[in-house]
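First up is the structure itself, then whatever we jot down about it.
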Amino acid sequence: QVQLQESDPGLVKPSQTLSLTCTVSGASITASGDYWSWLRLPPGKGLEWIGNIASTGSTYYSPSLVSRTSISRDTSKNQFTLQLTSVTPEDTAVYYCSRDPFSSWGQGTQVTVSS
C-alpha cells in the first residue's frame, strides 16, 4: 500500500525557512504519470495547494506562494521536500503531502510559526 509520511519540522520562527520532507513507500516518485503535491490547511481556512513535483522532476507552484516555495526530490530515498522561505505566523497550518491522481495523503504535520 502506498503510504506518505511528513516530517516534523518542530517550531519554526518568523523569517526562517520551513523545510518538510515527505517519505513515500509503496510507490516510486519517478513513476510515470504521478504528481507529488504539498498542501496546507490553515486554521479557520480552506485547503490550499502549494505546489507539486511530477515524476519527471518538473515543478509547479501556486502563484501566491511561488516566490517563496521550492519543491525538490531525492529519488534515491524516494522522498520529496518542501522549502518555504521567510515564514510568518500566517504560514501556520497543517501541512500535507499527497499523490495525484490517486488521492493518497499523508497524515499531516502541524507547523506553527511563532517566536
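The values are calculated or read from the model by the stated rules, or taken from the named source; none is laboratory data. Just so it is clear, the model here is predicted, and its values are computed rather than measured. No Cβ is skipped: glycine too gets one built from the backbone with ideal geometry, and neighbour counts run over all protein chains shown. Side chains included, ligands, DNA and RNA excluded: accessible areas come from the protein's heavy atoms. Shrake-Rupley method; radii C 1.70, N 1.55, O 1.52, S 1.80 Å.
Screening SER15 with (1) open to solvent by 50 Å² or more (accessible area, probe 1.4 Å); (2) in contact (Cβ under 8 Å) with a residue 60 or more places away in the chain; (3) on the phi < 0 side of the Ramachandran plot gives one miss only, at (3). Checked across the range 78-96, the condition of being touching a helix residue (DSSP H, G or I) at 6+ places or on another chain (Cβ under 7 Å), outside any helix (DSSP H, G or I), at pLDDT 95 or above and not small (Gly, Ala, Ser) holds for at least one residue. Exactly one residue among LEU41, LEU11 is touching a strand residue (DSSP E or B) at 6+ places or on another chain (Cβ under 9 Å) and at pLDDT 95 or above, and that residue is LEU41.
Selection of the range 33-50 for residues being free of Cβ contacts under 8 Å to residues at least 24 places away in the same chain and surrounded by 15 or more Cβ atoms within 10 Å (Cβ to Cβ) yields only TRP49.
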